Structures are given as C-alpha cells and as structure tokens.
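Notes to accompany the following structure.
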Amino acid sequence: MLDAKLVRAEPDLVASKLEKKRFKLDVERLNQLESRRKEIQVRTEDLQKERNVRSRAFGEAKKAGQDVSALQEAMSALKSDLENAEVELKAIQEELQSILSLVPNIPDDDVPEGKDENDNVEVRKWGVPESFTFEPKDHVALGEMHGLLDFETASTISGARFAVMRGALARLHRALAQFMLDTHTTNHGYEETYVPYLVNANALFGTGQLPKFEEDLFKVPGERDYYLIPTAEVPVTNLVSDKIVDAKNLPLRFVAHTPCFRSEAGSYGRDVRGMIRQHQFDKVELVQVVAPEQSSAALEELTGHAERILQLLQLPYRVVALCGGDMGFSAAKTYDIEVWLPGQQTYREISSCSNTRDFQARRMQARYRDPATGKPALVHTLNGSGLAVGRTMIAVLENYQNEDGSIRVPEVLKPYMGGVDVIGG
RNA sequence: GGUGAGGUGUCCGAGCGGUUGAAGGAGCACGCCUGGAAAGCGUGUAUACGGCAACGUAUCGAGGGUUCGAAUCCCUCCCUCACCGCCA
C-alpha cells in the first residue's frame, strides 16, 4: 500500500509515476473523497469533543447532587448527530481504504519504461549455451523416455497442469531443493524456516495478493477460509507482520522450501506442454527484511544469491530488469533471472527478485525502531526465488542431456544423489 | 471436541464505570556521577488523523450493545495458555 499521506499531498506526482506501471490513478475521485473525508472528520471530532465535555459536566453535576435531567435531554440530540457523522465517516474511510488497497506500488526511477516482457532490459549474461552435436530434446521427451516423468497419470489423479515424478528424477528434484537450501543457509547467511502452506486472507493482503488477485489463488473454504500459498513469500514475509523488530537484528534473511499453488487462471493455452507451468510446484524462496536505506543494495545481493545457484550448477542464464508494465503489483523494482533451455532454444524465467520497499511493510505493519529518531518506522521487504525447483530441474535435464537421452548429474548435486551420476543411463 | 484462565504501551504488568493514553517495573535515549565501565540518580520515551501552533479526536484482540460517560458491564467472534479426551 502506498503512503496515504503522499497520495493526498502529491496526487498528480503519484499518478504520473504509476503510469509507468500502466495504472491509471483516479485523482479526481480521490480528491473528491478526500475533501469530504476531511469535512466529516472535523464535524465528527467536534461532536465527540462536545460529548466528552458534557458527560464530564454531567458527572460533576451529579456528584454535586444537582438535577441532571436537562443535561441528559440536551445530550440525546447530540448523540444522534454524532452517530450519523460517525457512520458517514466510517463509510468514506472504508472507501478510501479500498481504493488505496488496489493501487500498485510506485516503480523505482531506474525501472525501464515499457508495456510487456518485450520491453525488459537485459542486464547481464552468464555462461555460454552448449552447442549440441545432436538435436537436443526437451524435458518432456527426456522425462517420458525413461518413464520417470508422467503427465498422463497425474491428469487421472488430479487433472491438467500436474506431474508425477519417479525414481531418480524425483530424487533429482529433491536433491535440487536440498542443495539450494544448504547453499543459502551455509554460504549466504539465510535462516531456514518452515512455514504454513495454508494461510488466511490477512496474510495475503499483507503481501499484496489480495484483494486484487484472488482468482490466481486456490481457496480452501471452511468454517474459516484458507488459501493455498502461491509462493512462500506470503507466509515468510508475514513473519514480521505486526512486529517492531530491533534495528540490531536487521537485516533478517529467511529461506524456505515450500510447494506453491497457483490456479493459473487466464493462462489457458500457455505452456500447456511440460512442467513449466503447473498448479503445484516447489520453490526455494529468499526473503529479506531490511532498513530502508539498505534495500536497493539488498536487491542486488539477493539476486546474486539466486544467480549463485545457477553458477554452481553451471547453467547459462541472463538477468533482465523488468519494465514497468511487466512488474508485479507490490514491486518497486524486479530482476528476473532466465535460464537457458536448449529444448526451447530460449531463456525462460526461473527466478523473480523484487524490492517492494515499504509497500508490503505498510500493509502488514512491519516496523523497526529507527535508531536515528527512536520512533517505529516501516521496514523494507524483498523476496526472490532461489530458485523455482521444477524449472531448475527442467534446465538440468535439458542442459545435461547426452545424445542417447541419458542425463549427467551436475557435480554439485552428486553428494545428494546417493551415488547416482547418470539418470536413465 | 470438553472445561477453565487470559488477550492492556517496545516488553512485563496494574487498573475492572468518570479527571487513565493508561500506575509500577524492564528496556531504550539523553544528562549527572566515573580514569573508563557497571551500579546509582535525574529527565524523557505509543500510534493515526486534523491544526502553523496551542491543542483536539480516536485507539487497551475484533465487532456489536448497555450508559450522560466504557480499558472497565453485556453479547458474538478471533487468538493464546492450562488440563482432559481424540489423533498423524
């Protein structure tokens, strides 16, 4: 959520910055509501003051043994005026709140202009795609060839966009997650966390998935509704919601390996083949909670941590800075990391790293005590995949394939594979 | 699932119908003291909104109600803790 004060004071500035995100802020409507709010709030507070003054007088009169019936009568007229004012004020505040909760974060000044992924800007490239002496297969062909990847069975159990993995492939998938978790905890200073996979609406509001993106989520109805997490970003970032963390403890770095569930509404026909786009996938997520002045540097650092996984796996990738139109709701700046997939002869997203600045922190009231002022101030939060496990596995399959369809196990994964160094050999 | 006890400021904890934004303590900040530190002493220490300011208003888990007046009484819900039952 944006700072209501900023929106109020500089609506035109905010609106112009939001244009980069292709968001139209209704300044006129906002101004109109705002001036009404002000008027009614003043009236309400005047009436409240009157009530407080009179009831104090009432108490004193009664104590002094005076007749209070006149006072009592005068109060009843005041009361209904006050009640009306309070109801109206509440309605306006709720409307303002609901408008504000649908406004996306302001992009940083250095975010590129543009409307979709074609306008993203490549920042750097790492590694060189291998030139195969044969026609490389895609992961679907490779997986099915060995009977280790089975979409058909998954569809009878669940439906489209699910997969069953078996044997060495299932183990490779687990190995990747373990390897990522170990690297981030041991080398990058993250604290391992285990978090709920079902969360409430409030947590999703905090990170910005609600109220705007409910259709992307799986809802679990019940006496109390739950939602399956679309990313560990939701439960992990909410670790600091409603807290005032000690400045000494910043930055906080958390890592979690969780399944993620996405309805993929509106992506019919996209990536229908293979494991690229699933309703359920595993991800190792990095979250940082930092002091405001640190967040720009922290985004570079966090992105580097995600890149490190690909470097250790010797997988070629590139990093792109997302343009305003391609960025998510909560992000002020985002880098996507795209891994080379020989089967598609293209780079595909494998990680998305974002600085949300104080946008999520404000929604979830996550604060720290600013040593300079001694006052609570909003923290900045960042998140990034480090990495999407399924897509990383796809990249390993396709980049490490041999002509006969067997797959070499990357050096760094060997300790996790229980002696297997070739899959489907 | 049953029974009982609770949810108050950064934290702990008092208050149980009026002047309590809230005693006391801890923590933190500043000052004194010290060669330096600890201890000691003093002062300060919530947030939001409106206002240039003085100040005003709201907030004691959430929402409703009673009352001239609610942190305090009543109702509903949420959460936490304890014991019993059941269970991976």
Would you point out which residue out of A:Leu33, A:Leu102 is within 30 Å of A:Gly206 (Cα to Cα) and either surrounded by 14 or more Cβ atoms within 10 Å (Cβ to Cβ) or not aliphatic (A, V, I, L, M) (or both)?
-> A:Leu33
On the given criteria, is A:Phe23 part of a helix (DSSP H, G or I) and of a type in the set (Phe, Trp, Tyr)?
-> no
How about region A:102-118: which of its residues are out of contact with any helix residue (DSSP H, G or I) (no Cβ under 8 Å at 6 or more places or on another chain) and over 24 Å from A:His380 (Cβ atoms)?
-> A:Asn118
Filter region A:295-309 down to residues that are touching a residue at least 24 places away in the same chain (Cβ under 8 Å) and out of contact with any helix residue (DSSP H, G or I) (no Cβ under 8 Å at 6 or more places or on another chain), then give me how many there are.
-> 8
For residues that are assigned to a helix (DSSP H, G or I) and over 22 Å from A:Gly266 (Cβ atoms), scanning just region A:232-241, find the one that is nearest to the chain's Cα centre (by Cα).
-> A:Thr237
Scan of region A:242-273 for residues that are hydroxyl-bearing (Ser, Thr, Tyr) and either part of a loop (DSSP other than H, G, I, E, B) or farther than 20 Å from A:Ala306 by Cβ (or both), ordered by number = A:Ser263, A:Ser267, A:Tyr268
Of all the residues that make up region A:186-215, how many are assigned to a helix (DSSP H, G or I) and loosely packed, with under 15 Cβ neighbours inside 10 Å?
-> 4
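Yes or no, residue by residue, for (1) away from RNA strand B (no atom under 15 Å from the Cβ); (2) touching a strand residue (DSSP E or B) at 6+ places or on another chain (Cβ under 6 Å):
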residue: A:Ala74; (1), (2): no, no
residue: A:Leu78; (1), (2): no, no
residue: A:Asp81; (1), (2): no, no
residue: A:Gln93; (1), (2): no, no
residue: A:Leu100; (1), (2): no, no
residue: A:Asn105; (1), (2): yes, no
residue: A:Asp108; (1), (2): yes, yes
residue: A:Val121; (1), (2): yes, yes
residue: A:His139; (1), (2): yes, no
Listing of strands (runs of 3 or more DSSP E) fully contained in region A:357-425 that carry 1 or more residues being buried (at least 24 other Cβ atoms within 10 Å of the Cβ) = A:367-369, A:380-388
Just one of the numbered conditions (1) modelled with pLDDT under 95; (2) open to solvent by 10 Å² or more (accessible area, probe 1.4 Å) is not true of A:Trp340; which one?
-> (1)
Taking region A:119-144 and keeping residues part of a loop (DSSP other than H, G, I, E, B) and under 21 Å from A:Val422 (Cβ atoms) leaves A:Glu130, A:Phe132, A:Thr133, A:Phe134, A:Glu135, A:Pro136, A:Lys137, A:Asp138
Quick one: in region A:57-72, which of the residues that are more than 6 Å from RNA strand B (Cβ to nearest atom) and in a helix (DSSP H, G or I) is least open to solvent (accessible area, probe 1.4 Å)?
-> A:Ala61
Say we look at region A:216-231 and pick out the residues that are assigned to a loop (DSSP other than H, G, I, E, B) and in contact with a Lys or Arg (Cβ under 8 Å, 6 or more places away or on another chain); which of these is nearest to A:Asn383 (Cα to Cα)?
-> A:Thr231
Are there any pairs, at least 6 apart or on different chains, whose C-beta atoms fall under 7 Å, with the first in region A:127-151 and at positive phi and the second open to solvent by less than 40 Å² (accessible area, probe 1.4 Å) and outside any loop (DSSP other than H, G, I, E, B), and if so, which?
-> A:Gly127/A:Tyr317
Among residues belonging to region A:154-185 that are in a helix (DSSP H, G or I) and free of Cβ contacts under 8 Å to residues at least 60 places away in the same chain, point out the one that is farthest from A:Leu102 (Cα to Cα).
-> A:Gly167
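Within the group A:Gln314, A:Gln401, which residue is polar (S, T, N, Q), away from RNA strand B (no atom under 16 Å from the Cβ), more than 17 Å from the chain's Cα centre (by Cα) and at positive phi?
A:Gln314 is the lone residue from the list that is polar (S, T, N, Q), away from RNA strand B (no atom under 16 Å from the Cβ), more than 17 Å from the chain's Cα centre (by Cα) and at positive phi.
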How about region A:1-51: which of its residues are within 12 Å of RNA strand B (Cβ to nearest atom), in contact (Cβ under 8 Å) with a residue 40 or more places away in the chain and more than 15 Å from A:Ile106 (Cα to Cα)?
-> A:Glu34, A:Arg37, A:Ile40, A:Gln41, A:Arg43, A:Thr44
Select from region A:105-145 the residues that are open to solvent by less than 20 Å² (accessible area, probe 1.4 Å) and within 30 Å of A:Val396 (Cβ to Cβ) and list them in ascending order.
-> A:His139, A:Val140, A:Leu142, A:Gly143
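The values are calculated or read from the model by the stated rules, or taken from the named source; none is laboratory data. This one's a predicted model, so the numbers in the text were calculated from it and none came from an experiment. Heads up, the Cβs are rebuilt from the backbone with ideal geometry, glycines too, and the neighbour counts pull from every protein chain shown. Surface areas here come from the heavy atoms of the whole protein model, side chains and all, with no ligands, DNA or RNA. Shrake-Rupley method; radii C 1.70, N 1.55, O 1.52, S 1.80 Å.
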